[in-house]
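The values are calculated or read from the model by the stated rules, or taken from the named source; none is laboratory data. Everything quoted here is computed from the prediction, not taken from an experiment. Neighbour counts run over all protein chains shown; Cβ positions are idealised from the backbone, glycine included. Protein only, heavy atoms only, side chains kept; ligands, DNA and RNA dropped before computing areas. Shrake-Rupley method; radii C 1.70, N 1.55, O 1.52, S 1.80 Å.
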Amino acid sequence: MTTGAGNGAGRTAAPALRPAAPAETPHYHGHRERLRSRFQDAGSDALPDYELLELLLFRSIPQRDVKPLAKELIRRFGSFAEVLGAPAARLTEVKGIGEGVALDLKIVEAALHRMARGAVAKRTVLSSWSSVLDYCRTTMAFAEREQFRILFLDKKNAVIADEVQQTGTVDHTPVYPREVVRRALELSASAVILVHNHPSGDPTPSGADMRMTRELVDIAKPLGIAIHDHVIVGRDGHASFRGLGLI
């Protein structure tokens, strides 16, 4: 008969448990704090495009070093603005960018557009022309397809409506002058500013742009609707028909 069953005799003592070693802090945590501090102290102008993009990606991807990803996005699309302007489907082609991250970037883009629109809404365009140009560039300059936008103005030249009438291909947007005039009459607009983008980046007016603008001027003038300007925006700047003497 075996004895000592109740007093632990014959048992092997369990090894003492050692406290777990503290997890090593990921190397990118210090980089994130330094980048945030630089942004707070010096503002966004002190950061190149990829670092500003990093600051956005920090919140969408908290458990990963996003510096290589930010650099790859800039390499792929060209600039901070072009990353935000890229379609979500193209963003998700980049390894590491899922649908959730792409959505976060598109939300930031939408917020920028809303801010730019607020700078021109219900304001006299002649006294805030730089804001009008900023708005047009922010909303259209980096789009991958041509858009034809119309700013409708009242008698005081304040913006009463802002509408995208047509969206086309990479190098063409169908524009119907009579539809533009019809919409201006519906809104009781006294004048309009035409805006479209050139995805190629070069804002130089094409022959088709000039013919369409002249036709629109000819149709609108007898009805008391002025064409104040036709602005073409691109990544490389903008072109004003009035500034070029084409209106």
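Annotations for the structure displayed:
- In summary, the aspartates and glutamates within cross-link reach of Lys155, defined as a Cα separation below 18 angstrom excluding same-chain residues under 8 places away, comprise Glu186, Asp229.
- Our estimate of slack between Glu179 and Ala110, defined as 0.36 nm per intervening residue step minus the Cα-Cα distance, is 22.1 nm.
- Hits among lysines - C-alpha to C-alpha of Lys67 under 26 Å, sequence gap 8 or more where chains match: Lys95, Lys106
- Global form of the range 60-99, assessed from the alpha-carbon gyration tensor, a/c cut-off 1.5: oblate
- Spin-label pair Thr204/Glu33, simplified geometry with 7 Å Cα→Cβ offset, distance in nm: 5.3
- Extending 7 Å from the Cα toward the beta-carbon at both Ala161 and Gln63 defines two label points whose distance is 5.0 nm.
- Against the criterion of solvent-accessible heavy-atom surface with a 1.4 angstrom probe, Ile247, Ile232, Ile74 sort, most first, into Ile247, Ile74, Ile232.
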